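> Mind looking over this structure? Questions follow.
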Amino acid sequence: MAAIKQKLPVRRFDAVIVGAGGSGMRASLQLAEAGLNVAVLSKVFPTRSHTVAAQGGIGASLGNMSEDNWYWHMFDTVKGSDYLGDQDAIEFMCREAPKVVYELEHFGMPFDRNPDGTIYQRPIGGHTANFGEKPVARACAAADRTGHALLHTLYQRNVQARTHFFVEWMAIDLIRDQDGDVLGVVALEMETGEVLILQAKTTILATGGAGRIWSASTNAFINTGDGPGMAARAGLPLQDMEFWQFHPTGVSGAGVLISEGVRGEGGILINANGERFMERYAPTLKDLAPRDFVSRSMDQEIKEGRGCGPNKDHVLLDLRHIGADTIKKRLPSILEIGHKFANVDATRDAIPVVPTIHYQMGGIPTNIHGQVIMPKNGGQEIVNGLYAIGECGCISVHGANRLGTNSLLDLLVFGKASGEHIVRSKLKEKSHKPLSEDGADLALSHLARLETSTGSERVQDVANAIRSTMQQHCGVFRTDELMQEGVRKIVELDERRKYVSFKDKSKVFNTARMEAIELDNLIENAKASIVSAAARKESRGAHAHRDFPERDDANWTKHTLWFAEGNRLDYKPVNTQPLTVETFMPKARTF
Ligand SMILES: Cc1cc2nc3c(=O)[nH]c(=O)nc-3n(C[C@H](O)[C@H](O)[C@H](O)COP(=O)(O)OP(=O)(O)OC[C@H]3O[C@@H](n4cnc5c(N)ncnc54)[C@H](O)[C@@H]3O)c2cc1C
């Protein structure tokens, strides 16, 4: 095969990682320390990736505050996933958890400490002792800034390991050859507008969540689902995209997150009558039931007229009884967020909160090593040269509902595991597969469409319409009618999206061009989510279907796969077989 005509400059690496959040930088560290030549791209400075905003903690059964073990953690995660999580991956994650946390401690992570010097741990929703008996303190925390401490620790270690950072570079599309193998990405340098090929023996997508397909979101503005967008355009499926987590406590009207750590430290939810209503819905775990459960209970209170404020549209998070000293020591950012976004002093007033979009359980399907997989002849085949980790990947450890603190854990465990898998594959000794002449055509035609379009649609109008459609038609509670109407609207918006144009074609830091590229990713994520949701005729985890209020294990214990081509769906079985222990059989989820 002829080498690519020098249409675009090419730089070669052993591995290219798109994304410098917790997952990308944990994987890059593993690779760089093994002597591989690694490039990490990020739209923003690495330590500004969304991982920096994580507050509550990292789940690991260290047992520093009371008895705990990985098996209880595994049980909670399987039950939390509403039995849609793959039990082999969940067992692996929960067993590895203490190891990756201690490793992080040895990297220099400034965890909070107990008087005896061990890592401080707090309770978080859905994490229990003795198979649901009572809440357990499992979240390893650095005040309410755990993600901040984690990301800075990983960045510093990467600098030491000589990882190459491409800061303010945006990946546009994957390069796949005629065998379907991935040979790298085409990327844009934001500062200069230059486009080039980053060729790699292995590419890892670690682009984080797509929470910005919703209008009320706790996510950073850069969370536009670029990895899943790129995967979809390259012909790869997206898995379980109907499952989106609403976090119970986003600040009403602002969307900014109030960590579940607040309830872990003793905060409670109250309605307009001053009643601690979670006692009625979840008598054992109360305010520390999993997020899907608490969000639905809040929605119910509001719908039944017990919401607070002049519009009765939110409930209150009360932490006054915890005491000003504990709040200042353990939850300093929450105090600040209360002041800035709700105009309340959390030591004296309760904070107005509503369920707000927070996390995507679905993403690019992978095996337990993080390798991307797709269906073939009734089974699954590996897409050579491509991994997906972190929130953009779907292994799947979170199933239909993620437990708090299990995402930071997932980043560390599978960031490391994918890195180890790549090192074991003796990548260093392999040579680069040659790029074909048309290798970059997917990205080039994508860019050419945006550059030459004279259509009358504005990027912001279409993006906002996508967000309000998702919010209205795919919310905490869903119905057939709402979702079918939502699918119709999103398909219409996909048509409008093809006619967007931007006037400013300048090269230097042109945010209009970047937003247009992001819009092409938003729409793929939105289509995948609402089409997958409309097809699932049951209620499971975060997918609460009014017309089918029960979980239907006989027909729906399966993963959804959505393909961009033809907007079509396929399904694959859940792996209910753990690595060494017995299967946790589905039970009703009560708390
Ligand atoms: C407010 C908040 C609080 C949270 N608190 C917790 C918590 O306490 N515990 C917990 O377990 N989980 C928490 N989560 C969830 C968790 O933080 C995220 O799921 C996780 O950090 C995602 O990490 P990531 O590595 O997948 O991606 P991110 O940290 O989101 O990073 C994505 C990276 O990809 C880059 N990128 C994206 N697209 C492109 C592109 N096209 N080209 C180049 N680079 C690109 C970005 O620049 C960025 O570097 C929280 C989430 C939020 C929003």
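> If Lys and Arg each add +1 and Asp and Glu each add -1, what is the summed charge of the other residues whose beta carbon sits under 11 Å from the beta carbon of ILE270?
-2
> Still on this structure: For the pair ASP504 and PHE45, what calculated FRET efficiency results from E = 1/(1 + (r/R0)^6), where r is the Cβ-Cβ distance and R0 = 30 Å, to the nearest 0.05?
Efficiency, from the Cβ-Cβ distance: 0.80.
> Please find the FRET efficiency linking ASN311 to ARG458, where r is the Cβ-Cβ separation and R0 is fixed at 41 Å, and quote it to the nearest 0.05.
Efficiency at R0 = 41 Å is approximately 0.85.
> Further, regarding this structure: For the chain, build the charge dipole from Cβ charges (+1 Lys, Arg; -1 Asp, Glu) around the Cα centre, then report which of MET483, VAL315, ALA342 sits farthest towards its positive end.
Of MET483, VAL315, ALA342, it is ALA342.
> Taking +1 at the Cβ of each Lys and Arg and -1 at the Cβ of each Asp and Glu, which of ALA200, MET65, TYR499 sits farthest along the dipole of the chain towards its positive end, judged by Cα position relative to the Cα centre?
It is ALA200, whose Cα lies furthest towards the positive end.
> So if we plug the beta-carbon distance of LYS558 and SER431 into 1/(1 + (r/R0)^6) with R0 = 41 Å, what FRET efficiency do we get, rounded to 0.05?
Efficiency at R0 = 41 Å is approximately 0.55.
> Then there's this: For TYR102, tell me the accessible area in Å² from a 1.4 Å probe, rounded to the nearest 10.
Roughly 90 Å² of TYR102 is accessible to a 1.4 Å probe.
> Under 20 Å from a point placed 7 Å out from the Cα of ARG449 along the Cα-to-Cβ direction: which residues of segment 189-210 have their backbone N that close?
From segment 189-210, the list is 195-196.
> Could you work out the relative contact order of the chain, using alpha carbon pairs under 8 angstrom and six or more residues apart, expressed as a whole percent?
Computed over the chain, the figure is 22 percent.
> Run the 1.4 Å probe and let me know the accessible area of VAL159, rounded to the nearest 10 Å².
Probe radius 1.4 Å; accessible area of VAL159 about 80 Å².
> Report the label-to-label distance for THR590 and LYS303 in nanometres (one decimal), using points 7 Å from each Cα along the Cα→Cβ vector.
Modelled inter-label distance: 2.1 nm.
> Then there is this: How far apart, in nm, are the 7 Å Cα→Cβ label points at VAL581 and ASP345?
Here the modelled spin labels are 4.7 nm apart.
> Next up: Within 10 Å, count the other beta carbons around each residue, average over each peptide in 121-127, 254-260, and list them highest first.
121-127, 254-260
> Please compute the contact order of segment 349-468 in relative form: average sequence separation of alpha-carbon pairs under 8 Å and at least six residues apart, divided by the residue count, as a percent.
Details: 93 pairs, mean separation 23.8, N = 120.
Relative contact order for segment 349-468 comes out at 20 percent.
> Using unit Cβ charges (K, R positive; D, E negative) and no other charged atoms, how large, in debye to the nearest 20, is the dipole of segment 440-558 about its Cα centre?
Dipole about the Cα centre, nearest 20: 240 debye.
> Going by average Cβ neighbours within 10 Å, how do the peptides 488-495, 207-214, 387-394 rank, with the highest at the top? Kindly include the intermediate steps, with their values, before the conclusion.
Numbers: 488-495: 16.8, 207-214: 29.2, 387-394: 31.2.
Peptide ranking by packing, descending: 387-394, 207-214, 488-495.
> What share of the DSSP beta bridges in the chain is antiparallel, in percent to the nearest 5? Mind showing how you got there, number by number?
Numbers: 50 of 75 bridges.
Counting DSSP beta bridges with both partners in the chain, the antiparallel share is about 65 percent.
> Moving to a separate point now. For segment 456-591, what class follows from the C-alpha gyration tensor (a ≥ b ≥ c being the square roots of its eigenvalues): rounded when a/c is under 1.5, otherwise prolate if a/b is larger than b/c, else oblate?
Prolate shape, in that a/c is at least 1.5 and a/b is the bigger ratio.
> Accessible area per residue, 1.4 Å probe, Å², for the chain: what's the number?
Accessible area per residue: 36 Å².
> Something else: Spelling out what I want: for every residue of segment 208-217, take phi, set θ = phi - 60°, compute 6.51 cos²θ - 1.76 cosθ + 1.60 (Karplus), and round to whole Hz; glycine and proline get x.
Using θ = phi - 60°, the values come out as x, x, 10, x, 7, 7, 10, 7, 9, 9 Hz.
> Can you divide the C-alpha Rg of the chain by 2.2 N^0.38 Å and report the result to two decimal places?
Scaled against compact globular proteins, the figure is 0.92.
> On to the next question. Which far-off residues, 5 or more places away or on another chain, put their amide H under 5 Å from the one on ASN384, with H placed in the peptide plane?
For ASN384, whose amide H was placed from the backbone, the distant partners under 5 Å are VAL182.
> What are the chymotrypsin sites (Phe, Trp or Tyr not before Pro) within segment 466-529 that DSSP puts in a loop, where the Cβ has at most 15 other Cβ atoms within 10 Å?
Here the sparse-neighbourhood loop sites are TYR499, PHE509.
> Sort out for me the Cα centre separation of segment 121-135 from segment 359-423, rounded to whole Å.
25
> Around ASN64, what is the net charge, scoring Lys/Arg as +1 and Asp/Glu as -1 over all other residues with Cβ under 12 Å from its Cβ?
Counting the neighbours of ASN64, the net charge comes to -2.
> What's the ranking of 540-548, 133-141, 177-185 by average number of surrounding C-beta atoms within 10 Å, highest first?
For the peptides 540-548, 133-141, 177-185, the packing ranking is 133-141, 540-548, 177-185.
> Express the Stokes-Einstein translational diffusion coefficient of segment 247-343 in µm² s⁻¹, to the nearest whole number, given a Kirkwood radius over alpha-carbon pairs, 37 °C and a viscosity of 0.692 mPa s.
The diffusion coefficient I find is 240 µm²/s.
> Still on this structure, I have one more. Can you tell which of ASN525, GLY390, GLY439 lies farthest toward the positive end of the dipole of the chain, using +1 and -1 charges on the Cβ of basic and acidic side chains (Lys, Arg; Asp, Glu)?
GLY439
> So what's the Cα pair-distance distribution over segment 374-516, bin width 5 Å, in %?
Percent of pairs per bin, in order: 2, 7, 10, 10, 11, 15, 18, 14, 9, 3, 0, 0.
> In segment 408-458, how does Rg compare with the Kirkwood Rh, expressed as the Rg/Rh ratio over alpha carbon atoms? Please list the in-between numbers first.
Values: Rg = 19.3 Å, Rh = 15.2 Å.
Ratio of gyration radius to Kirkwood radius for segment 408-458: 1.27.
> With +1 assigned to the C-beta of every Lys and Arg and -1 to the C-beta of every Asp and Glu, and no other charges, what is the dipole magnitude of segment 251-355 about the Cα centre in debye, to the nearest 20?
Dipole about the Cα centre, nearest 20: 100 debye.
> Right, something else. For the chain, list the DSSP H helices whose alpha carbon atoms reach 24 Å or more along the long axis and whose average Kyte-Doolittle value is 0.0 or above?
406-424, 511-535
> Sticking with this structure for a sec: Grab the other residues whose beta carbon is less than 12 angstrom from that of ILE222, score K and R as +1, D and E as -1, and report the net.
Summing Lys and Arg as +1 and Asp and Glu as -1 gives -1.
> Assigning unit charges at the beta carbon (Lys, Arg +1; Asp, Glu -1) and nothing else, what dipole magnitude in debye, to the nearest 20, does the chain show about its Cα centre? Write down the numbers at each step before the final one.
Numbers: 68 positive and 72 negative charges, 125 e Å.
About 600 debye.
The values are calculated or read from the model by the stated rules, or taken from the named source; none is laboratory data. This one's a predicted model, so the numbers in the text were calculated from it and none came from an experiment. Here Cβ is always computed from backbone atoms with ideal geometry, including for glycine, and neighbour counts include all displayed protein chains. For accessibility, only protein heavy atoms count, side chains too; no ligands or nucleic acids. Shrake-Rupley method; radii C 1.70, N 1.55, O 1.52, S 1.80 Å.
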